[in-house]
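The values are calculated or read from the model by the stated rules, or taken from the named source; none is laboratory data. Predicted, not measured: the structure shown is a model, and the values here were computed from it. A quick note on method: Cβ atoms are made from the backbone with ideal geometry, for glycine too, and the neighbour counts reach across all protein chains shown.
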Amino acid sequence: MLQFNSLAELDEFVDRFEKAQIPQPEFSHRAHLAIAANYLALMPFDVAVGQVRQGLRNLLEAYKIDGYNETITLFWMNRALEYVRKHGTGSNRLDVVNGFLAEGADSSAIRHYYSPGSLSSPEARIRAVSPDLAESVSEPAKEG
């Protein structure tokens, strides 16, 4: 189970993400969430999304996988944003990231809002699509 023991360890992980140097088996769902919560604890939503988006695309390119999905990215960025807004005030970044990993990392959560067909659609890969099963906990934050 991914958890960070220090800010130095978290920062080193983020640095490897930004350089597309995380081995594919190590880049789990929880790793994605750690990156999202880390950026959202440091920067505005739009900037954090841009960082995550670019980092994911760079990693996928390094893995030689064509798998980026904008809908999935924005769903999890919004989940992380809700957590950071609720728990981030007065907390240090390490506690925020580890807290989100402990409380918000259930990878099945997205299936309550999106059907597999909706998530795998070409449209969902290039832009955020609305949930087709239930209303999202919050509407995706708007960029720009």
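Is at least one residue of region 61-78 without any contact (Cβ under 8 Å) to a residue 24 or more places away in the chain, more than 15 Å from the chain's Cα centre (by Cα), farther than 21 Å from residue 121 by Cα and surrounded by 14 or more Cβ atoms within 10 Å (Cβ to Cβ)?
No, there is no match, as no residue in region 61-78 is without any contact (Cβ under 8 Å) to a residue 24 or more places away in the chain, more than 15 Å from the chain's Cα centre (by Cα), farther than 21 Å from residue 121 by Cα and surrounded by 14 or more Cβ atoms within 10 Å (Cβ to Cβ).
For region 79-98, which positions are farther than 15 Å from residue 43 by Cβ and either outside any helix (DSSP H, G or I) or touching a residue at least 24 places away in the same chain (Cβ under 8 Å) (or both)?
79, 82, 83, 89, 90, 91, 92, 94, 98
Report, by residue number, each residue of region 66-81 that is at pLDDT below 95 and farther than 16 Å from residue 29 by Cα.
66
Residue check: is residue 103 exposed (fewer than 12 other Cβ atoms within 10 Å of the Cβ) and closer than 24 Å to residue 131 by Cβ?
yes
From the set of residues in region 28-49 that are free of Cβ contacts under 8 Å to residues at least 60 places away in the same chain and surrounded by fewer than 21 Cβ atoms within 10 Å (Cβ to Cβ), which is farthest from residue 103 (Cα to Cα)?
47
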